[in-house]
Each structure stands twice: as C-alpha cells, then as structure tokens.
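The values are calculated or read from the model by the stated rules, or taken from the named source; none is laboratory data. These numbers were taken from a predicted model, which means no experiment stands behind them. Here Cβ is always computed from backbone atoms with ideal geometry, including for glycine, and neighbour counts include all displayed protein chains.
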C-alpha cells in the first residue's frame, strides 16, 4: 500500500494467485495449499517487495508450522487397535473338525474314482494310451520378463521456479529449492520419481527428451516412471518433508 502497487501487478510478476497473496497478508494459512507452498510464496512475495525473505520464513516456521508427523501417530494407533479387534480367532477344535472333513471327502473321491476304473473294459484302457510326442527344444523354458530400465531425469529452469523432487523411497533429492532461469539440477537415475513445481517456468529432461511443465497458477505435480512420458498428478504431490 505504501508503494501503491496493485495486487494484479503482483500476481502477474510473481505468478501467485491474488487470493493466495491476500491470504499471506492476513495470515489465513488454511486458504493456502500447504506449509511447503506457504514458505515458497512468502519468499517470492518478499523478494518482489524487496523485504528480508529469510526472516519472514523463519518467523512463519517458529509461529505457525507444526512438527511433521504430529497428527499421524494417533491415527495409526487407532487403525492397529481396530485391526486387532476385527481379526478372527480360530480355535484348535475347529482345526481338528476341518481336518476330519477334508479326510472324509478325500476318501470318498478316492472310492468313486476306483469304482469307475473297474467298470472300464481292458480294450478301452489299452487304446487310451496316448502316443508320446517329442518335446521341442527350448520350448519348455519361458523367457523371464526383462526388468524396467532406469530413467535419467533432470530439471531445467526457464524462470524463477520452486522445485521439490523425491525418489521412489520418498527421499528428497531436490529439497525445496528455488531455481533461477538457466539453472539446472544434476541428472538422477532411477525407475520412479515425483516432482512438484511452484510455477510452470521449468522443463523436464527425461532420457534426452524435453517436456514442458503445464501452465497453472497452482502447484503442479508430475510422476516420472520408466517406460512412459511424465504423468501429471493432482494428489500425493512431492512435499520434501
């Protein structure tokens, strides 16, 4: 307000929606996508206003950010207790009864099959013997499916962009970094990755091919797998927690 900057100009310059900028101003954190993007938006907005972005982010962490995993433990405990209550119990008596029933059924089937063999004439038995056919060489062995080849992935920034990238084990390999135009991450090898972009100012390099990030004012996520193009995802985005 002191510099008489219109919110629409800030939205155009930072690629952050005006509703998110207003939420930052009024500290309505529940209106923002999540803590990771709050810190990214704070840093970008502060840099645009020529403020100390590091100080603002640290103040947010101390005042509002909760430790990761705070709400996860009670939920897991409730699930474990529920699983214990629902798990059926089979007593030793039931096992003995089932074993006797299986034995009786086997004896019955054996008697029925033995009676059928006695009624067949000898000629039918002699003519029923099939001729053996020679097995084809190499026909019995099936080729094992070849494992998927790992892919080579790197991220190239075409403008200022926030990047968070995780491998198949959920480990952060690009940990909430803000890349400037022309910057590039190192090349990673693996069979599966997840990557989240704060804006569309980046390209994905996968096995020598370049893919543009979809234009969106919300965070954009992609899943990278061996044997296919980058797939855009709307849930389970890489958070690099």
Within segment 203-226, is even one residue farther than 21 Å from residue 158 by Cα, outside any loop (DSSP other than H, G, I, E, B) and not assigned by TED's automatic domain parsing to the domain that holds residue 40?
-> yes
Pair list, Cβ < 6 Å and 6+ apart or interchain, from segment 37-59 residues that are surrounded by 12 or more Cβ atoms within 10 Å (Cβ to Cβ) to residues that are not in a helix (DSSP H, G or I) = 37/219; 38/32; 40/162; 40/198; 41/16
Enumeration of residues in segment 11-24 that are touching a helix residue (DSSP H, G or I) at 6+ places or on another chain (Cβ under 9 Å) and assigned to a helix (DSSP H, G or I) | 11, 13, 14, 18, 19, 20, 21, 22, 23, 24
Answer yes if at least one residue in segment 18-34 is without any contact (Cβ under 8 Å) to a residue 24 or more places away in the chain and under 22 Å from residue 175 (Cα atoms), and no otherwise.
-> yes
Does residue 169 satisfy the criteria of being assigned by TED's automatic domain parsing to the domain that holds residue 227 and not in a strand (DSSP E or B)?
-> yes
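One line per residue, one yes/no per condition, for (1) surrounded by 14 or more Cβ atoms within 10 Å (Cβ to Cβ); (2) closer than 19 Å to residue 240 by Cβ:
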site	(1), (2)
158	yes, no
163	yes, yes
173	yes, yes
176	yes, yes
192	yes, yes
196	yes, yes
207	no, no
214	no, no
